[in-house]
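The structure appears below as structure tokens.
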Amino acid sequence: MSEATASRDNGTEPMIEMTGLNKWYGDFHVLRDIDLTVQRGERIVICGPSGSGKSTLIRCINRLEAHQQGGITVGGITMTEDIKRIEQIRRQVGMVFQHFNLFPHLSVLENCCLSQIWVQKKPRHEAEKLAMEYLERVQIAEQAKKYPGQLSGGQQQRVAIARALCMRPEVMLFDEPTSALDPEMIKEVLDVMVELAREGMTMICVTHEMGFAKTVADRVIFMDQGQIIEEAPPETFFNHPRSERTKLFLSQIL
Ligand code: ADP
Ligand code: MG
């Protein structure tokens, strides 16, 4: 058993723990003293003005961005620069991006199988079977042979969610998954996310869909200028925001 595996305590530890996290892009201090603990099964919504560091924060969780100070632990595994550790962490984390990031030259089915075959070393027939199961779940199985460019934005985003789920992640990160979509497609993606939340998936969603936040979030976190300004259950957050910055933000989006 590897050291990192041995240190896991059977799922009772928080899913994600960030302590004293600081990050700079060159001279620009983008994340300031972030402390955030996410329990298994928790659903977190992160909101805040453009440029406040929301994407950077969640991208640090699977090391798409490196932080300079503080600690991150995911599923009991502490992030270091060791690529083996980073891979162990990445295996637990699924991510969905604003612009879907599907491989345009691969079919929907192949998009969902690629990492299963090359990263998880699964036989193709097993990978395809699981991919079809998840494509069914997001109600797009009949499009499996098509290429991303032949699908609507809402359909592509549902494929992206299915692709992430095929890796059987412990936690799903969503970075503004509906903000590139035409209004009529937002609901079909949010419905999939609500369903996932109901099934107990641990989720961190950067989104300004406040209806979604009210429906599924256990906690809403408001970020501004690289800091967590306020966090509260949705009821408290929306009806009794404490900080003036939160009030101003809510007045602009609601
Ligand atoms: P948000 O997701 O809240 O809009 P981001 O995390 O994308 O915010 O960005 C936070 C700030 O960091 C912004 O001012 C942005 O311009 C800057 N930034 C983001 N990525 C980089 C980068 N790779 N290099 C330099 N600055 C960056
Ligand atoms: Mg962003």
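Laboratory data are not the source of any read-out in this text; all were calculated from the coordinates shown. Keep in mind the model is a prediction, meaning the values are calculated, not measured.
Over the stretch 87-230, calculate the relative contact order: mean separation of alpha carbon pairs under 8 Å at least 6 apart, over the residue count, as a percent.
Details: 192 pairs, mean separation 40.9, N = 144.
Computed over the stretch 87-230, the figure is 28 percent.
What is the chain by shape, rounded, prolate or oblate, if you read a ≥ b ≥ c off the alpha carbon gyration tensor as root eigenvalues and call it rounded for a/c under 1.5, prolate for a/b larger than b/c, and oblate otherwise? Since a/c reaches 1.5 but b/c is at least a/b, the shape of the chain is classed as oblate.
Which percent, to the nearest 5, of DSSP beta bridges fully inside the stretch 142-254 are antiparallel? Could the numbers behind the result be given before it?
Working: 5 of 10 bridges.
Bridges in the stretch 142-254 are about 50 percent antiparallel.
Across the stretch 153-254, the mean sequence separation of Cα contacts (distance under 8 Å, 6 or more residues apart), normalised by length, yields a relative contact order of 21 percent.
The calculated 222 nm mean residue ellipticity attributable to helices in the chain amounts to -11500 deg cm²/dmol, summing -39500 (n - 2.57) over DSSP H runs of n ≥ 4 and dividing by all residues.
Please report the antiparallel percentage of the DSSP beta bridges confined to the chain, to the nearest 5. Please report the intermediate quantities before stating the final value.
Values: 19 of 36 bridges.
Taking every DSSP beta bridge with both residues in the chain, the antiparallel ones total about 55 percent.
Rounded to the nearest whole Hz, the Karplus-based 3J(HN,Hα) values (6.51 cos²θ - 1.76 cosθ + 1.60, θ = phi - 60°) of the stretch 34-44 follow the sequence 7, 10, 8, 10, 10, 7, 4, x, 6, 10, 10, with x at glycine and proline.
3J(HN,Hα) along the stretch 136-142: 4, 4, 9, 6, 9, 4, 5 Hz, from the Karplus curve 6.51 cos²θ - 1.76 cosθ + 1.60 with θ = phi - 60°, whole Hz, x for Gly and Pro. Is the shape of the stretch 51-97 best called rounded, prolate or oblate, per the rule: a/c under 1.5 gives rounded, else a/b larger than b/c gives prolate, else oblate, with a ≥ b ≥ c the square roots of the Cα gyration tensor eigenvalues? The shape class here is oblate.
In this structure, the amide hydrogen of Gly70, modeled 1.01 Å from its nitrogen in the peptide plane, lies closer than 5 angstrom to those of Asn22, counting only residues at least 5 positions away or on a different chain.
Measuring between their Cα centroids, the stretch 49-107 and the stretch 121-199 lie 19 Å from each other.
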